[in-house]
Amino acid sequence: MFNVFKVWGNAEKDPPEAAKAWQEHENLIQNPQQIVAILNLINLHLRDGPIPLRLMIRDMDHGELVTTFRPDANKAVIRCRIEIEHHFEPDEELTFIAGWEGKLIAFSAFIIQSHTIREFTVSWPQVMVKSIGRDTYRVHPHFELPLSIELANVHMSGHLIDLSEGGMACHLSTADAQSLINAGQLVNANIRVGPLQFRVALMTICSEVRTHHGNYTRLGISFKGISNNDLVCIRRSLLGWQH
């Protein structure tokens with residue numbers, strides 16, 4: 001699923017084609033040539049770093065470090081090796097997350113062949129999601145999800161914009177958003193996003209953007225103090241919402 005990890009890497013500058021691929025699309029990379037450039041860049045940094053490259057496996061509550069990552073553009077496959085022993089099902093879908101030099105990239109691929117309990121080959125990704133300066137993977141659901149926040153005796157409703165283990169962005173009425181901002185320290189919040197429910201020990205308001213008509217405000221909220229059980233539920237939802 002989606003573990004928190006810091007992004008770092010060696011000091012070598014990205015090749016021009018990879019840097020261009022990074023700049024041309026803010027959140028989504030779908031161009032085949034750009035995908036090749038990014039995969040080759042991950043492979044380069046993994047050999048020299050290593051950078052954190054995590055494999056998120058469905059129904060598991062943690063990510064595992066990928067130690068070998070060899071993209072083959074001619075065959076449109078990626079050969080991988082991981083630290084743990086794991087039995088992969090045919091056509092199982094996996095999610096990879098890599099971070100280097102303040103960049104974060106995520107993509108999904110399908111098992112083509114399992115060679116050993118640690119080595120396997122996956123299909124070429126069709127889409128990549130990227131972010132800059134983040135240490136958690138963020139998902140924008142492809143559908144509108146209702147959101148509710150409960151704090152002590154206060155209850156407010158809105159809609160989710162995006163979610164990660166480290167926080168969320170949401171639309172609330174301007175009055176509700178202002179009440180959160182005025183509250184200062186936001187502790188022991190119960191949050192419900194669609195069918196997902198979890199508890200946050202401490203919320204912090206990171207950003208505030210009012211809509212043009214002024215009735216709604218976009219709030220960026222960071223989380224601290226989520227239980228391991230709730231993190232597992234969040235990761236499963238993130239995995240499902242990325243499609």
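The values are calculated or read from the model by the stated rules, or taken from the named source; none is laboratory data. Values in this document were obtained by computation on a predicted structure and should not be read as measured data. We place every Cβ from the backbone using ideal geometry, glycine too, and count neighbours over all the protein chains shown. When the accessible area is computed, the model is the full protein with side chains, heavy atoms only, and any ligands, DNA or RNA have been set aside. Shrake-Rupley method; radii C 1.70, N 1.55, O 1.52, S 1.80 Å.
Counting only protein heavy atoms, what percent of the accessible surface of region 68-113 is carbon or sulfur at a 1.4 Å probe? The partial results should precede the final answer.
Values: 970 of 2180 Å².
The C+S portion of the solvent-accessible surface of region 68-113 is 45 percent.
Leaving out ligands and nucleic acids, note down the accessible area per residue over region 139-243 with a 1.4 angstrom probe, in whole Å². Mind showing how you got there, number by number?
On the way: 5280 Å² over 105 residues.
Per-residue accessible area for region 139-243 comes out at 50 Å².
May I ask you to order 36-47, 104-115 by the average number of other C-beta atoms within 10 Å around their residues, highest value first? The partial results should precede the final answer.
Details: 36-47: 20.3, 104-115: 18.1.
Those peptides, ordered most packed to least, come out 36-47, 104-115.
What does the accessible area of residue 187 come to, in Å² to the nearest 10, when a probe of 1.4 Å is used?
70 Å²
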